[in-house]
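Asker: Got a structure here, written out as structure tokens. Questions coming.
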């Protein structure tokens, strides 16, 4: 049923576009209708026919649009948030325990021919608090004298 109404809807849309393009524009330059006075219908009769055809096609287009919306809404199952049971979240897995890996700092570079051995009993950097700066920052330098005298 929806497929038939959809095809009719598309045909109405295409014919509505065609009828609108056939109408004579205000400036008279863009419309394809009109032409000379010796045709089958006069200019006034053609304008009345095209205006009525446009109105009928537009009305049918609106009716098929509303019909499609109603049919699409009827196909959905009615649902209420009150009737739907609350979904329980899946149990989250406990995060893996964090293990601390000791950081070893080498104070001296090993000899070129000696095998590298891990340092023993070296405190981690987090155990030692950061040292305070040795001296306060120096004051900014005075501006240099200009090389050329300033213009007055």
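Asker: Scan 97, 115 and give me the residue that is surrounded by fewer than 10 Cβ atoms within 10 Å (Cβ to Cβ), modelled with pLDDT under 70, assigned to a loop (DSSP other than H, G, I, E, B) and more than 34 Å from the chain's Cα centre (by Cα). Talk me through it step by step, then tell me what you get.
Answerer: On the way: 97 fails: modelled with pLDDT under 70.
Just one listed residue meets the conditions, 115.
Asker: Continuing with the same structure: What pairs come up if the first residue lies in the range 67-89 and is within 26 Å of residue 7 (Cβ to Cβ), the second is modelled with pLDDT of 70 or more and outside any loop (DSSP other than H, G, I, E, B), and their beta carbons are under 6 Å apart, counting only those six or more places apart or on different chains?
Answerer: From residues that are within 26 Å of residue 7 (Cβ to Cβ), the pairs are 67/5; 68/5; 71/2.
The values are calculated or read from the model by the stated rules, or taken from the named source; none is laboratory data. Just so you know, these numbers come straight off a predicted model, no measurement behind them. Please note: Cβ atoms are built from the backbone with ideal geometry, for glycine as well, and neighbour counts cover all protein chains shown.
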